[in-house]
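Trainee: Below is a structure I'd like to ask you about.
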Amino acid sequence: MDLSIIIVNYATYQLTKDTAISLLDTIYDIDYEIVIVDNDSPDDSFKKLSEDFKENDKISLIQNGNNDGFAKANNIGIRNSSGDYILLLNSDVIVKENTINNCLEYIKKNNNIGCLGCKVVLPDGRLDKACRRSFPTFEVSFYRLTGLSKLFPKSKRFNRYNLSYLDENDVYPVDCVVGAFMLIPREVMLKCGCLDESYFMYGEDIELCYDIKELGYDVVYYGKSEITHYKGASGKSKRLLYEFHKSMQIFYDKHYKQSDNIAINVLTYLGIWSLYYIKLLFL
C-alpha cells in the first residue's frame, strides 16, 4: 500500500467527516487507506462516523477508550496501518484537489526527505504561519516574543520563527512543519519511534521534525499544494492552554536546557509560564 492517512478525532464529528470526504474526493490512482482514531469523544463521533463510512473500504475506525493525548492516538493509528508513507492529518482540514497526489509524488522522487508539509491556509485565505518554522531556540523565541519579528517581517534574523521572508508558494527545507499535515516515509517514522507521547497535545510535531533532522533527513515545506485548516476546532480550554505551554518546556528541557546557561534557563521558564498566566486571564 502506498499511503496511510491517520486522523485523530476528538468531538469534531462533522469536521472529521468533511475531512475524510475531501480526501475521498481528491485522491486519484493511489493505493491508500484512511485510519480514523476516535479519542474517547463524548459526542458519539465514533458511532456516527462508523455509520457514515460503513460501506467504504478505504476507511477504518478505531475506538480509543482512553484519551491519553493526541500523540498517543496518532501512534495507535500508525501501528494499525500498513502504507509505505504515513500522512498525519488533522481532523479540521479540507484537502484541495491533487494535494495528496502532488505531495506523495514529490516525496517519492526525493529520497532524503524525512518529512514533507504542504501550504496550510486559514478559512479567510491567510497563511497559517505555523506550517513552516524554525526550531524555538532562545534567540528565535526572543525575537518573536519581543515583537521584533512583526516589526521586521522580512528580516532573516528577526523572523526566523515563521520564515515570513520566504515565498509561501515555493519549496524549500525548513526546521519543522505543522502537525496538521505531515507526510513521512514509514521507515523514517519507525526510526524515530513514532510520536513522543510525553507531549499530550502540541509540540509533538516540532519534536518529530527535530528527531527526523537528527537522523540526517530533510524536512521540506512544499508550497505548491495546499489544505485549508479550520484551526482550533476542538475549542479552547484551560487544559489545552496548559498543555500548549507545557509542551514548550518539554521541548526546551530536552534539547536546549543543558547547553544554555542558568540565566537563559530562568528567562525561558519565566517567558513560557508568564505567557500562560497572561493568556489564562483572557480565556
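Any read-out appearing in this document is the output of simple, stated calculations on the displayed coordinates, not a laboratory observation. Note that this is a predicted model, so its numbers are computed, not measured. We place every Cβ from the backbone using ideal geometry, glycine too, and count neighbours over all the protein chains shown.
Trainee: If you take every residue apart from V37 with its C-beta less than 12 Å away from the C-beta of V37, what net charge results, scoring Lys and Arg +1 and Asp and Glu -1?
Mentor: Working: positive: K72, R79; negative: D38, D40, D68.
Spelling it out: positives minus negatives among the neighbours equals -1.
Trainee: Could you work out the per residue convex hull volume over the alpha carbons of the range 3-108, in cubic angstrom? Show your work: numbers first, answer last.
Mentor: Working: hull volume 9.6 nm³, N = 106.
It is 90 Å³ per residue.
Trainee: Among M1, M189, which comes first, second and so on when ranked by fewest other beta-carbon atoms within 10 Å?
Mentor: Numbers: M1 13, M189 22.
Going from sparsest to densest Cβ surroundings: M1, M189.
Trainee: Mind sorting K109, K72, K213 by how few other Cβ atoms lie within 10 Å of their own Cβ, fewest first? Provide the component values of the computation, followed by the final result.
Mentor: Details: K109 8, K72 23, K213 18.
Ascending number of Cβ neighbours within 10 Å: K109, K213, K72.
Trainee: If neighbour count is taken as other Cβ atoms inside 10 Å, put F244, F70, F251 in order from fewest to most.
Mentor: Values: F244 17, F70 26, F251 22.
Ascending Cβ contact count within 10 Å gives the list F244, F251, F70.
Trainee: Here's another thing I want to ask about it. Restricting things to Cα coordinates, could you compute the convex hull volume per residue of the range 208-283 in Å³? Mind showing how you got there, number by number?
Mentor: Values: hull volume 10.1 nm³, N = 76.
So the per-residue hull volume is 133 Å³.
Trainee: Given the C-alpha centroids of the range 176-216 and the range 32-55, what is the distance between them in whole angstrom?
Mentor: For the range 176-216 versus the range 32-55, the Cα centre distance is 24 Å.
Trainee: Which one of I113, L49, S155 has its Cα pushed farthest toward the positive end of the charge dipole of the chain, where Lys and Arg give +1 and Asp and Glu give -1 at the Cβ?
Mentor: S155
Trainee: Using only Cα atoms, find the angle between the long axis of helix 238-255 and the longest principal axis of the chain, and express it within 0 to 90 degrees, rounded to the nearest 10.
Mentor: 70 degrees
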